[in-house]
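The values are calculated or read from the model by the stated rules, or taken from the named source; none is laboratory data. Since the model is a prediction, treat every value here as computed from it, not as a measurement. Cβ coordinates were reconstructed from backbone atoms using ideal geometry, including for glycine residues, and neighbour counts include every protein chain displayed. Each accessible area value is taken on the protein alone, full model and side chains, heavy atoms only, with ligands, DNA and RNA left out. Shrake-Rupley method; radii C 1.70, N 1.55, O 1.52, S 1.80 Å.
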Amino acid sequence: MSISEKIEEAMKVHLISRYRLSKDTGIPYTTLTQILNRRTKDPQVGALQTIADYFNKPLDYFTGEDGQSEPITPEWATSKDNRDFKKMLQEDVPVMFDGVPIEGEARQRVMDVLTGLFWEAKEMNKKTYGRKKPDKTNTSEDNKE
C-alpha cells in the first residue's frame, strides 16, 4: 500500500476531508493534494511526520519502513520501466526455495534482492541497447583529408 493510500485510509477511518486535514495540520492544501494524487514521489518527512502525529500513528506506518512501502525506483526509470516492474511484482506467485515456500520477512528480503537485480539489469540494458548518440569524432571534414 502506498503512502497516499495509507493517508487516504486514515482519513476515511477518521472521516476527515483533505481540506480538514490541511487546515488541522497546517500542510498547504496543494501540497497535500500532490501527495494524495501521487504527484509527489517522495513527500517531505516533516509533512509525513505531521500527518502521522495527527492520526496518532508512527511515521513508519505511512513511510512503509516495515517493508510494505512502494518500491523505490531509480531517477532514470521511465514510465514503461515502472509498468514492467509493477507487472513483475503483481505476479503473485509464491517464492520457493528447494520446493518450500519462502514467507514473511525472508520473502521480503528475496523480493528486495530481486528488485535490485531488476533495476540493475534495466540500467545495463539501457546502456547497452539504448539510443546511441552520433559519434562526432568522425566528421565530414575529417573524411576530406
Quiz item: For 84, 60, 42, what's the largest-to-smallest order of accessible area, 1.4 Å probe?
Solution: 42, 60, 84
Exercise. Any of 41/122; 6/80; 6/127; 57/126 with alpha carbons more than 30 Å apart? Name them for me.
Key: 6/127; 57/126
Quiz item: Each label point is 7 Å from the Cα along the Cα-to-Cβ direction; what then is the distance between the points at residue 106 and residue 121, in nm?
Solution: 2.3
Quiz item: So what J values fall out for the range 7-18 if you push phi through Karplus, 6.51 cos²θ - 1.76 cosθ + 1.60 with θ = phi - 60°, rounded to Hz, Gly and Pro as x?
Solution: 5, 4, 4, 4, 4, 5, 4, 8, 6, 10, 7, 4
Self-check item: Residues residue 76 and residue 24, FRET efficiency given R0 of 41 Å [Cβ-Cβ distance, rounded to 0.05]
Solution: 0.60
Practice problem: Just read off the accessible area of residue 32 with the full protein assembly in place, 1.4 Å probe, to the nearest 10 Å². | Solution: 0
